[in-house]
Amino acid sequence: MATEPKAATEDVKIDLFEDDDEFEEFEINEEWDDKEEGQDVTQQWEDDWDDDDVSDDFSLQLRRELESNIDKN
Amino acid sequence: MAYMNMSMGEAHRRITDYLNRFSDAVSSQDGASFKSLFALSSNSPFLLSLADAVALFHDANRLINQSDSYSQFSDILLPLLRSVQNYKQGDFVEAYLAFEKTANAFIQEFRNWESAWALEALYVIVHDIRVLAEKADKELASTGKSPEKLKGAGSFLMKVFGALAGKGSKRVGALYVTCQLFKIYFKLGTVHLCRSVIRSIETARIFDFEEFPKRDKVTYMYYTGRLEVFNENFPSADYKLSYALKHCNPQREANIRLILKHLIPVKLSIGILPNHRLLEKYSLLEYSNIVLALRRGDLRLLRCALQDYEDRFLRSGVYLVLEKLELQVYQRLVKKIYIIQKQKDPSKAHQVKLEVIVKALKWLEIDMDVDEVECIMAILIYKNLMKGYFAHKSKVVVLSKTDPFPKLIGKPVNS
């Protein structure tokens, strides 16, 4: 997302490149605590989601669909 | 016009005040004061009223040449005052051209100052030359001319980088300049130019990465992480973007969001899912159906999600990465079919008829014939997402009895 405020000229479709994902500038002497750093945000990942559980709605519907096919055969 | 309210005397005073601050800062090597003299894009009241004074007074040259303490820096000061004035008046092309002259003259002096006292002023100049160039290019493009100032700013920054790449204390500034260059190259779409400056940072023996300020290391890892995503080098992308995530100021939520925006597709490609709380907190819900599609093995949902947010994903350069998740979704779907079959009849479960997969896909409104499905199964086996072999005549996939669906666990799909 552009970090600068939208000016009137940006409504004109001009042949310029943009980077929507430009990183915001840190202040020159911006500092932050090591302790605060990313503790929460780095622990929001799951690597054990690929289990054998087929009791969710999607899986139940899939099962029903497959069973109806077997009957047809 | 604001400056109509200023008297000539007042204008004279303001300009002289500015010139004095300049020469005082240099003689006492006061970096903090010095940098504020160049901060055009900050729109400080100080510089805005200086602009008025310069416009009113007309003859700043004469003032500069009045005293040795200013005239020795006339190559910096003259164009700088012009730039300040042009900037306020919205003449960005002129402002850029003048600022570029100032910046070049500044670098000459900077090389002669032995200590790193003026490094912060250099940062301001490097930042503002980029910002001014962007505004100048917009102005040029809007009048039908060719926008090439940002490219020129890039060349200047390479020169600055060269001035910092030495043994002295100034070298800690090199990473900031590098990051500004990244911003320029990403904006221009010339990301291949990042390679040479990355090589200088990472392999030249001048620099010790750990010495650089934290804020620059975070920005650097963000951009080099994005480059690794473009190159589909997922383990490396994971390392760099995770570094940026871990060390970024947690209060800078916009930046955390940007890091996650690029890290999530990488994590998905190595079989790791973000939990929903994360997507909610950082407004990245465009990924929620993709995550759900992977969990379920729902190929239709994946394709819908890709279509719904196609524009957004394309602009961030992650579309292709997400599209390739199809194979992992196929794997999950076939695995579910296998588990369902196993629950019904464990003895036959490891044989999966292709026509069963065809029917499951049809249920998902995906029209594929047996041959196409056979092709996909062959790819899954080839890429070690599925273990087994294919009985072509009977159109059956015979799965391995042990671990037929190997998990990725943090490694990318084999190419």
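The figures follow:
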| quantity | calculated |
| --- | --- |
| Within straight-line cross-link reach of B:LYS214, aspartates and glutamates at Cα separation under 12 Å, skipping those fewer than 8 residues along the same chain | A:GLU27, A:GLU30, A:GLU31, A:ASP33, A:ASP34, A:GLU37 |
| Sorted by Cβ density within 10 Å, fewest first, the residues B:CYS194, B:CYS248, B:CYS375, B:CYS304 | B:CYS375, B:CYS304, B:CYS194, B:CYS248 |
| Largest-first principal axis extents of the Cα set of chain B (Å) | 98, 47, 36 |
| Region B:1-137: C-alpha gyration tensor shape, a/c 1.5 cut-off, then a/b vs b/c | oblate |
| Coil-residue chymotrypsin sites (Phe, Trp or Tyr not before Pro) of region B:272-371, DSSP, other Cβ within 10 Å capped at 11 | none |
| DSSP-loop GluC sites (Glu not before Pro) across region B:70-140, with at most 11 other Cβ within 10 angstrom | B:GLU114 |
| Normalised contact order of region B:304-415, rounded percent, pairs of Cα under 8 Å and 6 or more residues apart | 21 |
| Region B:232-278-region B:160-175 distance, computed between alpha-carbon centres (Å) | 30 |
| Distance between region B:44-102 and region B:303-336 - C-alpha centres, whole angstrom | 53 |
| Segment B:ARG205-B:MET158, extension gain: residue separation times 0.36 nm, minus the distance between their alpha carbons | 15.1 nm |
| Folded to 0 to 90 degrees: helix B:234-247 orientation relative to chain B principal axis, Cα | 50 |
| Ranked B:THR16, A:THR42, criterion: other C-beta atoms within 10 Å, fewest first | A:THR42, B:THR16 |
| Loop sites in region B:365-415: GluC sites (Glu not before Pro), DSSP, at most 15 other Cβ within 10 Å | B:GLU365 |
| FRET efficiency, 1/(1 + (r/R0)^6) with R0 51 Å, evaluated for B:GLU310 and B:LYS401 via beta carbons | 0.80 |
| Tilt relative to chain B, helix B:299-308 - C-alpha long axis, 0 to 90 degrees, to 10 | 20 |
| Between 0 and 90°, nearest 10: helix B:149-164 axis offset from chain B longest Cα axis | 80 |
| Modelled FRET efficiency - R0 22 Å, B:GLN72 with B:MET8, Cβ distances, 0.05 increments | 0.25 |
| Gain in span if fully extended, B:ARG300 to B:THR143, counting 0.36 nm per residue against the direct Cα distance | 51.9 nm |
| Linear extension gain, B:SER196 paired with B:SER115, 0.36 nm per residue minus alpha-carbon span | 26.5 nm |
| Too-long pairs where the Cα-Cα distance tops 22 Å, listed order kept, from B:LYS187/B:LYS261; B:LYS261/B:LYS387; B:LYS149/B:LYS170; B:LYS159/B:LYS187; B:LYS383/B:LYS411; B:LYS362/B:LYS401 | B:LYS261/B:LYS387; B:LYS149/B:LYS170; B:LYS362/B:LYS401 |
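All of the numbers you see were taken from the coordinates with simple rules; none came from a lab. If you're wondering where the values come from, they're calculated on a predicted model, not measured in any experiment. Every residue, glycine as well, gets a Cβ built from its backbone with ideal geometry; the counts of neighbours run over all protein chains shown.
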